[in-house]
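Heads up, the thing below is written out as structure tokens.
Values in this text are rule-based calculations from the coordinates and carry no lab data. Quick caveat, the model's predicted, so the values are computed rather than measured. Cβ placement follows ideal geometry from the backbone for every residue including glycine, while neighbour counts extend to all protein chains displayed.
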Amino acid sequence: ANNLNPEWVQLNVSRGYESSSHKLFMRYTVLLADVLIFIPAVMLFCLLCLSGRSSLQKVLIAAVILLYPGLTLIDHGHFQYP
């Protein structure tokens, strides 16, 4: 963030800072982290730790974990997702 716009992360100065580009940056970084870290981790968990279950059960468990509303509200809600 500092490389893109230092105003976003300046101590005490950035408090209350709002711009459309800053919000877009925050939203995309959360989505990128989900795509690169969270989703693969859930898929790997379902493949390795649920080895005794059927494919349908693995898919359903992965869907329940990935679609858990608490994560959506916490990870995305504070970046003003609709």
Odd one out for R53 among (1) assigned to a helix (DSSP H, G or I); (2) over 15 Å from the mean Cα position of the chain (by Cα); (3) of a type in the set (D, E, K, R): (1)
Test: residue in the range 56-75 that is without any contact (Cβ under 8 Å) to a residue 12 or more places away in the chain and outside any helix (DSSP H, G or I): yes
Count of the range 10-42 residues which are surrounded by 14 or more Cβ atoms within 10 Å (Cβ to Cβ), more than 12 Å from the chain's Cα centre (by Cα) and more than 22 Å from A63 (Cα to Cα): 3
